[in-house]
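Quick note: the coordinates plus some simple rules give every number you see, no bench work behind them. This is a predicted model, so every value here is computed, not measured. Because the Cβ atoms are built from the backbone with ideal geometry, glycine has one as well, and the counts that use them run over all protein chains shown.
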């Protein structure tokens, strides 16, 4: 019964992730079918709206940065089963993103607005960025990244095993292709409003800080020289000439 409940917990969170990911893609891309996007009901600039938006993005950054650290995982394992850690991390991420979607204050004002063929190019690049994100999750182990594999193995009473260092798919060309995809999607928009610029700027800043000062530090500590050599040979977000 316990294993069944834990599998249901993991599978439900994975389903929530899929909904959240699809909504996030539409939210950033301004899909009109959604009840709210980055540009819905935009109002004139106000410091109150800007600070609320920065606070929402900072909450996401804090949750993501803290819960992904090994030290936090060790502390969590003392009060919560370690086998459910990844599922719980994904759940917390989805909930915080839901809060961002719900409480975001769209701010009007045009930073740039392209026309003609550049509109189609911008839209295409945006969805290419989203596709890169998804493909990169498949390369690195999609179902494990979002906790479904762990839930299934636990249901069957099988060991999870230790993750090994490898460079599949897009990871042969860049160290963080998921973030590369997000960076493309954040900036490849035909019309950039002030509110969208705030979202893209704060999120991009978090990506650079989190990758270079948090994630890579943990990877170096865990994989040692293997990751150090990988870092010397492969670019973080863009392929190096020798890898193209």
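By its C-alpha gyration tensor, with a ≥ b ≥ c as the square roots of the eigenvalues, how is region 1-65 shaped: rounded for a/c under 1.5, else prolate for a/b larger than b/c, else oblate?
Note, shape of region 1-65 comes out oblate.
Under a point spin-label approximation (7 Å from Cα along Cα-to-Cβ), what is the residue 43-residue 115 distance to one decimal in nm?
Each label point is offset 7 Å from its Cα along the Cβ direction, giving 3.1 nm.
Angle, helix 2-29 long axis vs. longest principal axis of the chain, Cα atoms, 0 to 90°, nearest 10?
Value to nearest ten degrees: 20.
Would you work out if region 138-244 is rounded, prolate or oblate? Take a ≥ b ≥ c from the square roots of the eigenvalues of the alpha-carbon gyration tensor; rounded if a/c is under 1.5, else prolate when a/b is larger than b/c, oblate otherwise.
oblate
Which angle from 0 to 90°, rounded to the nearest 10, does the C-alpha axis of helix 47-67 make with the longest principal axis of the chain?
Orientation of helix 47-67: about 20 degrees from the principal axis.
Starting from the Cα-Cα distance between residue 222 and residue 155, subtract it from 0.36 nm times their residue separation and give me the gain in nm to one decimal.
So the extension gain works out to 21.3 nm.
Could you work out [θ]222 nm for the chain from helices alone, using -39500 (n - 2.57) per DSSP H run of at least four and dividing by all its residues? Round to the nearest 500 deg cm²/dmol.
Estimated from H runs of four or more residues: -21000 deg cm²/dmol.
Once you order the gyration tensor axes a ≥ b ≥ c over the Cα atoms, which shape class does region 41-135 get: rounded for a/c under 1.5, otherwise prolate or oblate by comparing a/b with b/c?
Taking the square roots of the gyration eigenvalues as a ≥ b ≥ c, region 41-135 is oblate.
So how tilted is helix 117-140 from the main axis of the chain? Cα-based, degrees 0 to 90, rounded to 10.
10 degrees
Which whole-number percentage describes the relative contact order of the chain, with Cα contacts under 8 Å and a sequence gap of 6 or more?
The value is 28 percent.
Of the listed values (i) 0.98; (ii) 1.00; (iii) 0.93, identify the label whose number matches Rg/Rh (Cα atoms, Kirkwood Rh) calculated from this model.
Given (i) 0.98; (ii) 1.00; (iii) 0.93, the calculated one carries the label (i).
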